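The values are calculated or read from the model by the stated rules, or taken from the named source; none is laboratory data. Source: prediction; values computed, not measured. No Cβ is skipped: glycine too gets one built from the backbone with ideal geometry, and neighbour counts run over all protein chains shown. These area figures cover heavy atoms from the full protein model, side chains too; ligands, DNA and RNA do not enter into them. Shrake-Rupley method; radii C 1.70, N 1.55, O 1.52, S 1.80 Å.
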Amino acid sequence: MEKNLTISQIKNAANEAYQEVKNLTGGKNANYIPYLANVDSNLFGLSITLLDGTCINLGDTEFKFGIESVSKVPTAILAMIQHTPEGVLEKIGADATGLPFNSIFALLLENDHPSTPLVNAGAISACSMIAPQGDSEDKWKAITGNITALCASAPVLIDELYESETATNFNNHSIAWLLKNYDRIYDDVDMSLDLYTRQCSLGITSSQLAIMGATIANGGFNPVSKLQVFDKEIAPKITSMIASVGFYQHTGDWLFTSGIPAKTGVGGGVMGVMPGLFGIAAFAPPLDDAGNSVKAQAVIKSFMNKLDLGIFKGDKIKIVAD
Ligand code: GLN
């Protein structure tokens, strides 16, 4: 079916979804990283960026929260820019694990293969792939420069979060060394883990993440900065990875009920990509048992359902001015 959607309809649906979900309770802040346990649980933001550069922001959309696992998306893009999508497929994979983000078992089951750059194992492996090899500071500049280009503004390292994660990331140490055992770390092990930990500790806003989502939805062309950030061919590759594992063991349920590929982080952020239409991001710290924000999921689902949108519906949708 061909459908026109006006910008006002989109704004109204966003507003209604936001009001509807605002007082939803349930979930708990991540507590295995001490800093995250203390973030105000009532913060709540919803941001949408359309491909003409229109930005819709409701609530706490300028609050800088820990990007956490949403950072796996930009670094996977960077690895594909530097090594081609096929290079990443070969060295890491593009498969769902169906298991928690920090699963060691997933790595053992695959017997050498991190499956996807969007779980901890594959993300540490992706950090090890980033050029220039052997140079932590320049690798860091490449990682943050890429996030800046995708968001049209820079993320800021939250020092306290970085210290908090570094002091408690024992499970990730085990994953990193297991990757080394399987020859899936392509640089120094400690450096690769440190880069992963640091990228997870970047502060980001929901308005920045919606712009990143829109850049992916727009074939790599950032609708706000008006710059081409990555090759068009990478967009469907990263979106397929997001679709297959963005919510870890709950990914199928998420896609079934929301109809939009999205990636979560334990900081409470969720970034969604609606190819050809928009990027959407929501933020609220309390999480469900898989580490996915309860309110962010609810508000994105509500928005999608109100507009009867979904990647599997097969509708040809055009966003038009009012
Ligand atoms: N830094 C966190 C970790 O490695 C990220 C997890 C997440 O957001 N799902 O455990």
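Annotations
- When segment 194-248 is limited to residues that are acidic (Asp, Glu) and in contact (Cβ under 8 Å) with a residue 60 or more places away in the chain, the one that is surrounded by the fewest Cβ atoms within 10 Å (Cβ to Cβ) turns out to be Glu233.
- Per-region count, segment 20-37, residues surrounded by 13 or more Cβ atoms within 10 Å (Cβ to Cβ) and either on the phi > 0 side of the Ramachandran plot or away from the ligand (no atom under 16 Å from the Cβ) (or both): 5
- Pairing residues of segment 273-285 that are part of a strand (DSSP E or B) and open to solvent by less than 10 Å² (accessible area, probe 1.4 Å) with residues that are of a type in the set (S, T, N, Q) and at pLDDT 95 or above, at Cβ distances under 6 Å and at least 6 apart in sequence or on separate chains, gives Val273/Thr239; Gly279/Thr49; Ala281/Ser47; Ala281/Ser206; Phe283/Ser206.
- The one condition in (1) within 21 Å of the chain's Cα centre (by Cα); (2) within 16 Å of the ligand (Cβ to nearest atom); (3) assigned to a helix (DSSP H, G or I) that Asn146 fails to fulfil: (2)
- Within segment 129-145, residues that are within 19 Å of Arg184 (Cβ to Cβ) sit with their Cβ atoms under 7 Å from residues that are exposed (fewer than 14 other Cβ atoms within 10 Å of the Cβ) and at pLDDT 95 or above, at 6+ positions apart or across chains, in these pairs: Lys139/Pro132.
- Of the set (1) open to solvent by 10 Å² or more (accessible area, probe 1.4 Å); (2) more than 30 Å from Phe221 (Cα to Cα); (3) under 20 Å from the mean Cα position of the chain (by Cα); (4) within 13 Å of the ligand (Cβ to nearest atom), all apply to Ser164 but (3).
- Filtered by the rule that a residue be under 21 Å from Phe247 (Cβ atoms) and of a type in the set (D, E, K, R), segment 31-90 gives Glu68, Lys72.
- Test: residue in segment 2-11 that is more than 27 Å from Lys237 (Cβ to Cβ), part of a helix (DSSP H, G or I) and open to solvent by 50 Å² or more (accessible area, probe 1.4 Å): yes
- Enumeration of residues in segment 73-101 that are open to solvent by 10 Å² or more (accessible area, probe 1.4 Å), closer than 15 Å to Ile238 by Cα and within 16 Å of the ligand (Cβ to nearest atom): Ala96
- Just one of (1) over 30 Å from Leu195 (Cβ atoms); (2) without any contact (Cβ under 8 Å) to a residue 60 or more places away in the chain; (3) of a type in the set (Gly, Ala, Ser) fails for Ser8. It is (2).
- Residue list for segment 42-63, filter: open to solvent by 10 Å² or more (accessible area, probe 1.4 Å) and under 15 Å from the mean Cα position of the chain (by Cα): none
- Condition met for Ser258 (in contact with a Ser or Thr (Cβ under 9 Å, 6 or more places away or on another chain) and of a type in the set (S, T, N, Q)): no
- Taken together, the residues in segment 251-282 that are closer than 12 Å to Gln297 by Cα, more than 16 Å from the ligand (Cβ to nearest atom) and either in contact with a Phe, Trp or Tyr (Cβ under 7 Å, 6 or more places away or on another chain) or of a type in the set (A, V, I, L, M, F, W, C) (or both) amount to 4.
- Residue that is least open to solvent (accessible area, probe 1.4 Å), among those in segment 173-193 that are within 26 Å of Leu36 (Cα to Cα) and of a type outside the set (A, V, I, L, M): Ser192
- Checked against (1) under 27 Å from Ser41 (Cβ atoms); (2) open to solvent by 10 Å² or more (accessible area, probe 1.4 Å), Gly310 meets all criteria but (1).
- Residue count for segment 102-136 under the criterion of being assigned to a helix (DSSP H, G or I) and surrounded by fewer than 20 Cβ atoms within 10 Å (Cβ to Cβ): the result is 6.
- Ile104 meets the conditions (1) farther than 20 Å from Ile185 by Cα; (2) within 16 Å of the ligand (Cβ to nearest atom); (3) hydrophobic (A, V, I, L, M, F, W, C) in every case but one. The failed one is (1).
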